[in-house]
1. Take the residues in region 33-71 that are of a type in the set (Gly, Ala, Ser) and open to solvent by less than 40 Å² (accessible area, probe 1.4 Å); name whichever of them is farthest from Tyr99 (Cα to Cα).
2. Those residues that are open to solvent by less than 10 Å² (accessible area, probe 1.4 Å) and more than 19 Å from Ser169 (Cβ to Cβ), I need them from region 364-377; list them, please.
3. Does at least one position in region 156-163 carry a residue that is within 30 Å of Arg46 (Cα to Cα) and open to solvent by 10 Å² or more (accessible area, probe 1.4 Å)?
4. So, in region 82-98, how many residues would count as being part of a loop (DSSP other than H, G, I, E, B), open to solvent by 10 Å² or more (accessible area, probe 1.4 Å) and of a type in the set (Gly, Ala, Ser)?
5. Scan region 72-80 and give yes if some residue there is touching a residue at least 24 places away in the same chain (Cβ under 8 Å), open to solvent by 50 Å² or more (accessible area, probe 1.4 Å), more than 22 Å from Ala436 (Cβ to Cβ) and out of contact with any Pro (no Cβ under 8 Å at 6 or more places or on another chain), otherwise no.
6. Does region 357-376 hold any residues that are more than 13 Å from the chain's Cα centre (by Cα) and hydrophobic (A, V, I, L, M, F, W, C), and which are they?
7. Could you please find all residues in region 292-350 being of a type in the set (S, T, N, Q) and closer than 22 Å to Gln259 by Cα?
8. Which residues, counting only those in region 149-164, are assigned to a loop (DSSP other than H, G, I, E, B) and more than 19 Å from Gln124 (Cα to Cα)?
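The values are calculated or read from the model by the stated rules, or taken from the named source; none is laboratory data. Remember, it's a predicted structure, so these values are computed and weren't measured experimentally. Quick reminder, even Gly has a Cβ in these numbers, built from the backbone with ideal geometry, and neighbours come from all protein chains shown. Areas reflect the complete protein model, heavy atoms only, side chains present, ligands, DNA and RNA absent. Shrake-Rupley method; radii C 1.70, N 1.55, O 1.52, S 1.80 Å.
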Amino acid sequence: MTFAASNIGVASPSPADKCVASAFPHSDGVTIRSVERRQAPSPHCRVDGYVTTQDPGPNRVNFMLALPDNFNGRYVMTIQGGAAGFVPDPAATQLATGYAIASTDKGTRPANILDFSWRKDPAQARDWAYRGVHVSAQATQRLTRTYYGDRSFHRFAQGCSGGGDGTLSNAELYPGDFDGYVAAAMSTSNLEINHIWGAIAQYMYKNPLSWISPEEWAQVHSTMLSRHDGDDGAIDGLIWNPMGIKLDREDFPYLSDAQFGLMNFISSGLKPEQGTSYPGYWLGNVTAFPSFLTGTKRPPWTDLQDYPAGFMVTATGAKGFKGPDYDILQAMNYSDRAALIADRDFQAANGRYQFDPARIDALEKIGGKLILWSGAADQAVPPENVLAYSNALVARHGEAKAGKFLRTFFVPGLHHCSTGEGAPTDAPDQLLEAMAMWVETGKAPEMVIAGNPSRTGGNTVTGLGDGPVATPATRHYKLCAFPARSHFIGGIGNPTKLDINDAANWRCVK
C-alpha cells in the first residue's frame, strides 16, 4: 500500500519554503509545537508535536518527524523500547539515505528508561502498549503527505524490546498503518515478562550463594564456546544456533551446585502447570546476563540501583500499583500458578497488552509484511518468545501461506537489540532494508547480509539515533530466514583456507 497526494503536476515549492508551520494544516487532536529547517546531519525539515489521547485521558503523546530533502519514498517510524518517555533525534544513516523518519515517546512520563511506575495511569499504560504508536503514525503520515505533495511512499515500522512490543501490537490491531513491520525481542508469551525477571531475582534473593559473578559468567561463556562454537562449521567466536544447547553439570566444575541450579533455572524458565510457563534464555553469549538478569552485586540488594535491570522494571511497575513500600521479592510466589495468572490478568486489566497471533490474520489479508527477529544471545527478553510467536503463525496459516507475509531471523552473538562481541552491528538496518525491498519488489528475504561497521553513535533500532560510520565492516554475516541456519562451508579444519568473514562462504541449511 502506498500513499499518493492529489496535486500531481503542480510545481513544488523549495524545501525552505515548505518548512514553515503554516504549511501544515490543523488536525483535530494534533498540536504542532515547532517546525524547523535543519542542515545536520542531513538537510531536512523537523516537525515536533503531540497528539492528545482521550478515554482514558487526556494524555499527551509526543512525536518527532524528520522530512529529508532527498526523500526516497520511504517513511519509517522507529518505536522506542524500555519505558519510553523520550523522543529521539532521527537516525543519521536513515536520514542520509532519504527516509522520512518518525518517532514517539509513546505517551509515558518515566523517571528513566527502566521506570514503569506510570503503569498505574490507565492512559499512559494504554498509550505505551499500543495507542501511542497508532495515533503518532496517523499524525506523522498526514504531515508527510502534506509536505511531499504528489510523492507516494511506503510505510515501515521498526522497534526492539518495548519498541518491538509496540511494533507488533500495532500490526495486530492497526495493520493498515504500515506496509511492513520489523519487530524484535517482543514479550509475547502468555505470562507477564515481569514474572521471569522477578522469579530469577527471587531465586537469588532466597539463596544468595546461587548468585553468579560477572567473572564466572565470562568463564561460562568460554566453556560454552569450547563446546559449541564449531556447531556451525566454523571456529569464529560465535554460537550461531544456541536454541538446542543442553546443560551438563560436568562442564562447569567451577560453579557450585547452587550456582548451576540458578543457571539451569535461567535457561529453563518458569514451568508451572497448564500453560502458564514463561520461556527461559538461550546461552549463546551469557556475558550480558549480570547487567540485566543477575546483577553485578551479590544479593540481598539494599539499594534499588543494585537491582538487575530486568528486576528494576518488575519492581518499579509493582511499586507503581501497590505503593512505594511494596516488596515484590517477598510478596510474590512465582511457583504459585494461580498467583501468576491473577497477576497477569491484573496487568491486562490495567492496560498491559495481551498478544494473540490470530490477530495477524488481518495483516495477511491486506498484503502486509512482517519480519520478526531477535539477538540469539538476548539477555533481556528470551528469544524463545520470537520463535514461539513465529511458529504459531506458521501453524495457523501453513508454511506456504505464512511464507507470503512472514520471515523470522536470529542474529548470532547479539545481546538485547544491540551489542555483543563478534556480533553484526547493522542487523537492524539491513533487516529494515530487506523489508523495504520485500514490499517494493515482492521478493521475500530468504537471507540478509549484515556487517559490523562501527559508528560514532548508537544503534538505530534502540531509538537513540546513530552517527556516521566510523570504520567499515571487517566481516559480513549471512543471516538465514528461520528455520534455515547459517553454516560455514569450509569446515572446522578449513583445509581450503576459506575466509570466515566472507558471507559468500556460508550457506543456509535446514
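1. As a first pass, look at region 33-71 and keep what is of a type in the set (Gly, Ala, Ser): 34, 40, 42, 49, 57, 66.
Checking the rest, the ones that are also open to solvent by less than 40 Å² (accessible area, probe 1.4 Å) come to 42, 49, 66.
Numbers: Ser42: 11, Gly49: 19, Ala66: 8 Å.
Restricting to residues being of a type in the set (Gly, Ala, Ser) and open to solvent by less than 40 Å² (accessible area, probe 1.4 Å), the top hit is Gly49.
2. Residues of region 364-377 that are open to solvent by less than 10 Å² (accessible area, probe 1.4 Å), as a first pass: 368, 370-377.
Those that are open to solvent by less than 10 Å² (accessible area, probe 1.4 Å) and more than 19 Å from Ser169 (Cβ to Cβ): Gly375, Ala376, Ala377.
3. Pass one, region 156-163, residues within 30 Å of Arg46 (Cα to Cα): 156-163.
Add one more test, that the residue is open to solvent by 10 Å² or more (accessible area, probe 1.4 Å), and what stays is 161.
Taking every residue of region 156-163 in turn, at least one turns out to be within 30 Å of Arg46 (Cα to Cα) and open to solvent by 10 Å² or more (accessible area, probe 1.4 Å).
4. Qualifying residue count, region 82-98: 2.
5. Taking region 72-80 as the starting set, the residues that turn out to be touching a residue at least 24 places away in the same chain (Cβ under 8 Å) are 72-80.
Next cut, open to solvent by 50 Å² or more (accessible area, probe 1.4 Å) only: 72.
Subsequent filtering for residues that are more than 22 Å from Ala436 (Cβ to Cβ) retains none.
Checking region 72-80: not a single residue is touching a residue at least 24 places away in the same chain (Cβ under 8 Å), open to solvent by 50 Å² or more (accessible area, probe 1.4 Å), more than 22 Å from Ala436 (Cβ to Cβ) and out of contact with any Pro (no Cβ under 8 Å at 6 or more places or on another chain).
6. Residues of region 357-376 more than 13 Å from the chain's Cα centre (by Cα): 357-370.
Of everything in region 357-376, those that are more than 13 Å from the chain's Cα centre (by Cα) and hydrophobic (A, V, I, L, M, F, W, C) turn out to be Ala358, Ile360, Ala362, Leu363, Ile366, Leu370.
7. Filtering region 292-350 down to residues of a type in the set (S, T, N, Q) leaves 294, 296, 302, 305, 314, 316, 330, 333, 335, 347, 350.
Scanning region 292-350 gives Thr294, Thr296, Thr302, Gln330, Asn333, Ser335.
8. Gly149, Asp150, Arg151, Ser152
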